[in-house]
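These notes are about the structure you will find just below.
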Amino acid sequence: MSKRFIKLALFYLILIGLWQGLALLKIWPEYIFPTPLGVLETLVTGFEDKTFIIGILISLKRILIGYGFSIVLGLFVGLLIGRVKTLDETVGSLVLGIQALPSICWLPLALLWFGLSESAMLAIVILGSLFSIIIGADTGVKNVPPIYVRAARTMGAKGFQLYTKVIMPAALPSIISGFKQGWSFAWRSLMAAELLYVGLGLGHLLMMGRELNDMNQVIAVMVVIIIIGIVVDRLIFARIENKVRERWGLA
Amino acid sequence: MSKLADESVQVEELKNVDELKPNKIIDVRGAICPHPLNLIRDTIVSLKDKEILQAICDHEPTAKENAPRFCLRRGYPLKVIEQNGIWQVFIQKIEKTEPRLRVLSVSKVFRTNQGKVTALDNINLTIQEGEFVCIVGPSGCGKSTLLNLIAGLDKPTQGEIWSNGNRVTGPGSDRVVVFQEGALFPWLTVMQNVEFGLKLRDVASNIRRTLALDYLKLVGLDEKFHNSFIHQLSGGMKQRVAIARALVMEPAILLMDEPFAALDVYTRETLQEELQNIWTESHKTIVFVTHNVQEAVLLGDRVIVFASNPGQVKAEYEIDIARPRKIDHPEVFLNTKWITDDLKEELEEQSYKANAKKEVVYR
């Protein structure tokens, strides 16, 4: 662990060193090739004057509302089409088809329907994550070994109990994978959508950097976006996923 | 009455290897006696001195079958009275308690792409309380299908199944199944798995815990595994937990579908021994499906041999060996051999039939 940490630290130190060195050579003007120090400065002032904090909070608020809605609806639809054959053959095929569409392609539609508004942002987040979550739940339910259901039935489980006590827990590893994928799709499409929308989100800050020719801000916001993505993915989803897989004996 | 003892002495004299052969059970109701009257229930049969009750069956009756006691096995108690040198045997069907399980002319037909396949053809079975019945047969003989029908996981195409006096229409916790793979839930700990069924019944948590502990002790699972997850257990331990999970429901009938088939030999032998102990302690009614004749002989009071295409009862054997039985017991060995020979005959006959059919097709 520590050995790996040293390797990583060295790698990034060298990388930043190279970057600083290249910048010091002044081959390119600073608005094209910023220095690490300049980016750091922008980051600090961004957090000090709270523009970054507001940006992060606004983006997180959007994604939490949209993603939360996706989880509820996606889980419901996914669990349903996983068990009802007719729904699977109809709705299921539609979901699979739509899933092939990159989530950012929903942007024009959302903009036409909702205009440049908060609702359009939410629509993008929902449409970006919903189908991954549906497919995750659907796959999970379909792959529940039938013997679990049979065993539970001989022990007296019936109807809704089969869903809550057997099918859902048995499908959990796949459901979590769907959540994880849905999250990363939602985050990406939200950032893309915010580029076009003056709504104080992180994407908007990124675009503002471009408009002001402030490369430091561009890079600083990119770093923030990356860090939030990694933190949520690694610290939340990967942990839950590992725990579930370990418990289920899939690891 | 003292003459009855004499008779058993005479039976002893007849002792030969055949005598050890398991009783082939004959349905007395249709059997014909050397006497002019048919031997049917509620009939009084008079026997002359030293005369032995005989029933006509498809084979030369063995010494054991000559004794009237085989009637007893079918739940027809005999009363023997001696008067003026003539014995009278009363065969009476007294109303016993409702059998635990009755399978009445059950057939099961599956529809496949190749057409209809008859998995079970007119199966009749009666299983009394506390009986340990093993169903044995080649793969594809429908023995597991029958178990599923009894469990209520599948519906018979024809016929009825009655459990404890109730018609079986679906699964119920009076008939819990132990599957070959155990089918334990990986998201629950060992303890939570055993408590699963009780939780469905809304049993209070402290009672649940006590019962689960009792049964985990009965199946001999080490306490340090009580909070383990399922994938951390060995195959043998998994089956122990599966048995505990089934027994904790206090089912009227415990159904076991080749529960030890996937285990290694040593683990299997230990578990067979323990299952005998559990049965001796709890006297549960058990229906045990296996393809292993030795296992059936080792465990069962009664072994029912299935034949395939279509699945039907080929023969029934009574296994009269004292418990606890050991796998290397000579009687277990002999019984296994006899039943296996019968089974082989059946298989050969079948493949012969199948080949004959093929030839016709090829022509």
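Look at the stretch A:137-164: where a residue is closer than 16 Å to B:Pro251 by Cβ and a partner is β-branched (Val, Ile, Thr) and part of a helix (DSSP H, G or I), sitting 6+ places away or on another chain with Cβ atoms under 7 Å, you get A:Ala152/A:Val166; A:Ala157/A:Val166. Restricting the stretch B:154-172 to residues that are under 15 Å from B:Leu255 (Cα atoms) and surrounded by fewer than 20 Cβ atoms within 10 Å (Cβ to Cβ), the residue that is farthest from the other protein chains (Cβ to nearest Cβ) is B:Trp162.
The single condition among (1) part of a helix (DSSP H, G or I); (2) assigned by TED's automatic domain parsing to the domain that holds B:Thr145; (3) among the aliphatic types (A, V, I, L, M) that B:Met256 does not meet is (1).
Is it fair to say B:Phe70 is at pLDDT 50 or above and either in a strand (DSSP E or B) or surrounded by 15 or more Cβ atoms within 10 Å (Cβ to Cβ) (or both)? The answer is no for B:Phe70. Within the stretch B:213-233, restricting attention to residues that are in contact (Cβ under 8 Å) with a residue 12 or more places away in the chain and within 13 Å of another protein chain (Cβ to nearest Cβ), the residue that is surrounded by the most Cβ atoms within 10 Å (Cβ to Cβ) is B:Ile230. Checking the stretch B:134-153 against the condition returns a match, with at least one residue being under 20 Å from the mean Cα position of the chain (by Cα), outside any helix (DSSP H, G or I) and within 24 Å of A:Gly159 (Cα to Cα). Is it the case that the stretch A:133-154 has a residue that's among the aromatic types (Phe, Trp, Tyr) and either away from chain B (no Cβ under 14 Å) or under 30 Å from A:Leu200 (Cβ atoms) (or both)? No; the residues of the stretch A:133-154 include none that is among the aromatic types (Phe, Trp, Tyr) and either away from chain B (no Cβ under 14 Å) or under 30 Å from A:Leu200 (Cβ atoms) (or both).
One residue is enough: does the stretch B:266-288 have a residue meeting the conditions in contact with a Gly (Cβ under 9 Å, 6 or more places away or on another chain), under 17 Å from B:Leu147 (Cβ atoms) and in a loop (DSSP other than H, G, I, E, B)? Looking for residues that are in contact with a Gly (Cβ under 9 Å, 6 or more places away or on another chain), under 17 Å from B:Leu147 (Cβ atoms) and in a loop (DSSP other than H, G, I, E, B), one finds at least one in the stretch B:266-288, hence yes. Pairs linking a residue in the stretch A:228-251 that is more than 14 Å from chain B (Cβ to nearest Cβ) to a residue that is exposed (fewer than 12 other Cβ atoms within 10 Å of the Cβ) and modelled with pLDDT of 90 or more, with Cβ atoms under 6 Å and 6 or more positions apart or on different chains, do not occur.
Just checking, which of A:Leu122, A:Leu116, A:Leu130 is surrounded by fewer than 16 Cβ atoms within 10 Å (Cβ to Cβ), more than 14 Å from every other protein chain (Cβ to nearest Cβ) and of a type in the set (A, V, I, L, M)? Step through it out loud before you land on a result.
Numbers: A:Leu122 fails: surrounded by fewer than 16 Cβ atoms within 10 Å (Cβ to Cβ); A:Leu130 fails: surrounded by fewer than 16 Cβ atoms within 10 Å (Cβ to Cβ).
A:Leu116 is the lone residue from the list that is surrounded by fewer than 16 Cβ atoms within 10 Å (Cβ to Cβ), more than 14 Å from every other protein chain (Cβ to nearest Cβ) and of a type in the set (A, V, I, L, M).
If you go through the stretch B:121-153 and keep only what is surrounded by fewer than 19 Cβ atoms within 10 Å (Cβ to Cβ), touching a strand residue (DSSP E or B) at 6+ places or on another chain (Cβ under 7 Å) and farther than 14 Å from B:Ser107 by Cα, you end up with B:Thr126, B:Glu129, B:Gly130.
The values are calculated or read from the model by the stated rules, or taken from the named source; none is laboratory data. Quick caveat: nothing in here was measured; it's all calculated off a predicted structure. Positions of Cβ are backbone-derived with ideal geometry, glycine not excepted, and every protein chain shown enters the neighbour counts.
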